[in-house]
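Just so it is clear, none of the values below were taken in a lab; they were calculated from the coordinates. Not measured: the values here are computed from a predicted model. Backbone-built Cβ (ideal geometry, glycine too); neighbour counts: all protein chains shown.
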Amino acid sequence: MSPFRRSSLLARLAAVTMCSTLLGVGSLEAQNAVYAEDEVKAAFLYHFGTYVEWPSGAPADDAITIAVLGAEGVARQLQGFLPGRRIQGRAVQVRRLGSIAELGDDEVLFIGPENNAQLPALIEAVASRPVLVVTDAADGLARGAMVNFQLIDERVRFEISLPNAEEAGLMLSSRLLSAALRVETARSWFDKFAPPRTRPRPKSSRRQQLA
């Protein structure tokens with residue numbers, strides 16, 4: 001399979017996975033297609049950008065940049081995946097970072113799992129910037145990420161923290177929230193796979209019992 005056709009299928013996979021999640025049904029293509037984790041994560045990182053509203057100010061002709069710290073496999077997949085693609089009418093590119101100090105005006109930052117031990121410090125270093133921080137850690141959201149990858153039943157899924165995104169001045173589309181495995185709100189978690197809570201029946205009054 002040619003690299004261009006494979007990247008096109010990956011784009012479809014990420015989009016179909018989101019759409020099938022929105023509809024509450026499984027996609028045959030998403031279930032049966034076999035892709036490496038790095039490929040799927042690269043496709044998701046691209047699609048995340050289509051559902052984010054950054055603070056205004058960037059010129060329309062400026063490219064949207066996905067910065068990658070570590071995660072060489074994901075960066076390599078993005079390098080082959082992104083050419084010719086656009087996000088919100090703007091060109092999109094990938095940039096490898098040697099350290100967090102190299103982060104500039106990048107719109108998306110993916111911190112690879114090899115940096116998980118330093119996550120709090122890394123996220124604190126970019127706390128004042130309007131950048132979508134994506135991690136791949138068991139407790140990525142608790143450490144300050146806006147989006148965090150999880151591997152569930154050998155499929156790449158993601159969870160979202162609305163408070164963390166809002167603190168950075170980012171607005172996330174309701175469609176992206178609907179496709180997430182879990183969404184952290186200001187007060188609680190919304191877990192779409194958790195069993196529904198049942199309300200206790202109100203106790204009948206003594207008069208009702210005697211009636």
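Gain in length, GLN150 to GLU166, computed as 0.36 nm per residue apart minus the alpha-carbon separation, to one decimal in nm?
Full-extension gain reported as 3.6 nm.
Give me Rg/Rg_expected for segment 138-189, where Rg uses Cα atoms only and Rg_expected = 2.2 N^0.38 Å with N residues.
Against the empirical 2.2 N^0.38 Å value, I get 1.08 for segment 138-189.
Hey, with R₀ at 25 Å, roughly what FRET efficiency would SER174 and GLU124 work out to, going by the Cβ-Cβ distance, to 0.05?
The computed FRET efficiency comes out at 0.30.
Taking amide hydrogens as modeled 1.01 Å from N in the peptide plane, which residues meet the under 5 Å criterion relative to ARG155, leaving out close sequence neighbours?
The list, which skips near neighbours in sequence, is empty: none.
With labels modelled as points extended 7 Å from the Cα through the Cβ direction, what inter-label distance (nm, one decimal) is found for ARG96 paired with ASP61?
Computed distance between label sites ARG96 and ASP61 equals 3.0 nm.
Packing-wise, with mean Cβ within 10 Å as the measure, how do 136-146, 38-48, 118-128, 90-100 rank, highest first?
Highest-to-lowest ranking by the protection proxy: 38-48, 136-146, 90-100, 118-128.
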